[in-house]
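What follows draws every value from the coordinates through simple rules; no lab data is involved. Note that the coordinates shown come from a computational prediction; the quantities given were computed from them, not determined experimentally. Because the Cβ atoms are built from the backbone with ideal geometry, glycine has one as well, and the counts that use them run over all protein chains shown.
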């Protein structure tokens, strides 16, 4: 086994990501509807948890079998369109159909 040495910034970013992930899971458990499944899938991809991301997409597809990345993108808007594109790529990695 090899030790990993992280600098202060890496620890801060990693801790923040993990905390936000678990906060979001708690939020999702209290919110009805399908959108949280896809947002959680994006978070899981960012954390390298592709199995969890695919599981969330599967849940979403049971709720709405017609959902695609293209349809999902119509419901979101960011000042920087590159953010939406990155999220869309995360959803593709999670197994959500593009069209």
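Data table
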{"quantity": "Protection proxy ranking of 56-66, 71-81, 36-46 - average other beta-carbon atoms within 10 Å, highest first", "calculated": "36-46, 56-66, 71-81"}
{"quantity": "Segment residue 47-residue 83, length gained on full extension (0.36 nm per residue, minus Cα span)", "calculated": "11.3 nm"}
